[in-house]
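Quick notes on the structure that follows.
The values are calculated or read from the model by the stated rules, or taken from the named source; none is laboratory data. Worth saying up front: this structure is predicted, and the values here are computed from it rather than measured. Cβ placement follows ideal geometry from the backbone for every residue including glycine, while neighbour counts extend to all protein chains displayed.
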Amino acid sequence: MMQRYFISLFLSLSSLVCLAQPHVAAHRGYWKTEGSAQNSIASLKKAAEIGCWGSEFDVWLTADGIPVVYHDSTIDGIRIEDTTYATLMNHRLQNGEFLPTLQQYLQEAKLHPNCRLIFEIKPHRGEKRDGMIAELSVELVNMLGLADRTDYISFSKHVCKKVHELAPEAKVAYLNGELSPKEIKELGWTGIDYNTKIFEKNPDWALEAKKLGLEVNVWTVDGDDALKRFAKMPGIDIITTNEPQVLMNITREMNTFTDCQQKIEDKYRIH
Ligand code: MG
């Protein structure tokens with residue numbers, strides 16, 4: 001009798017901390033590993049190989065309208081938006097790869113069907129170029145048959161609006177953090193993808209977004225303590241991290257705990 005009481009107590013306490021595990025999204029691919037670099041084709045391949053749920057990357061448009069995968073607005077001091085692809089194509093990433101075009105990057109993605117693409121479209125100079133990059137991105141994703149596993153994110157409201165118009169079925173999440181979950185819902189977008197500080201400042205937003213049916217992603221969470229804290233935070237669906245391997249170990253432990261709890265429940269038929 002006493003034993004049963006303690007088991008019940010354990011289960012009710014553990015159910016308070018036993019939450020759904022968030023998905024792991026590799027920030028700029030899995031780049032903190034040998035032979036990789038941020039936003040390289042190798043980083044996408046490595047994210048898929050370690051079993052990441054998704055891999056994030058950033059896209060810019062060159063002066064002559066070629067989308068390339070890179071984070072900063074400049075490469076080796078040259079502004080991507082103002083430069084033709086012919087001038088940029090010989091620039092190398094840290095791992096020796098040439099600057100990848102979006103097409104080359106997405107061709108690699110086709111080889112990894114279990115990895116979602118978290119496609120960040122960078123805010124460009126003016127609405128016209130924002131519209132151009134949104135259109136080219138959606139067109140290429142659709143043409144390569146990747147629409148069902150590509151989620152778009154952007155700091156630009158104009159880009160989010162344009163992608164939502166062009167691909168109403170696609171997931172579109174906003175990055176900038178100043179819009180409430182309610183405002184995002186009203187715009188017809190599907191999620192919030194906000195910096196850790198935004199969730200700390202607005203502790204209700206993750207659950208509020210969930211109640212509205214939005215997807216909740218947080219960036220960029222690194223280090224064991226922060227990863228554990230966000231992995232346990234109610235309402236978080238996805239964690240974007242530079243340390244996907246560390247987060248995968250944490251979520252694996254959380255899974256083991258859930259399995260263990262289930263076994264005890266089954267054994268003692270406590271529900
Ligand atoms: Mg990014």
Failed item, numbered, when G213 is tested on (1) in contact with a Leu (Cβ under 9 Å, 6 or more places away or on another chain); (2) under 26 Å from K122 (Cα atoms): (1)
Quick check on the range 64-71. Is at least one of its residues at pLDDT 95 or above and more than 25 Å from Y174 (Cα to Cα)? yes
Sole residue being surrounded by fewer than 16 Cβ atoms within 10 Å (Cβ to Cβ) and at pLDDT 95 or above, chosen from F230, F155, F199: F155
How about the range 158-169: which of its residues are among the hydrophobic types (A, V, I, L, M, F, W, C) and surrounded by fewer than 19 Cβ atoms within 10 Å (Cβ to Cβ)? L166
The condition of being of a type outside the set (K, R), at pLDDT 95 or above and out of contact with any Lys or Arg (no Cβ under 8 Å at 6 or more places or on another chain) holds, among I264, I236, I250, only for I236
Would you check which residues across the range 159-204 are out of contact with any strand residue (DSSP E or B) (no Cβ under 8 Å at 6 or more places or on another chain) and basic (K, R) and list them? K161, K162, K182, K185, K197, K201
Scan the range 122-134 and tell me whether some residue there is under 25 Å from G51 (Cα atoms), within 16 Å of the ligand (Cβ to nearest atom) and either touching a residue at least 24 places away in the same chain (Cβ under 8 Å) or of a type outside the set (V, I, T) (or both). no
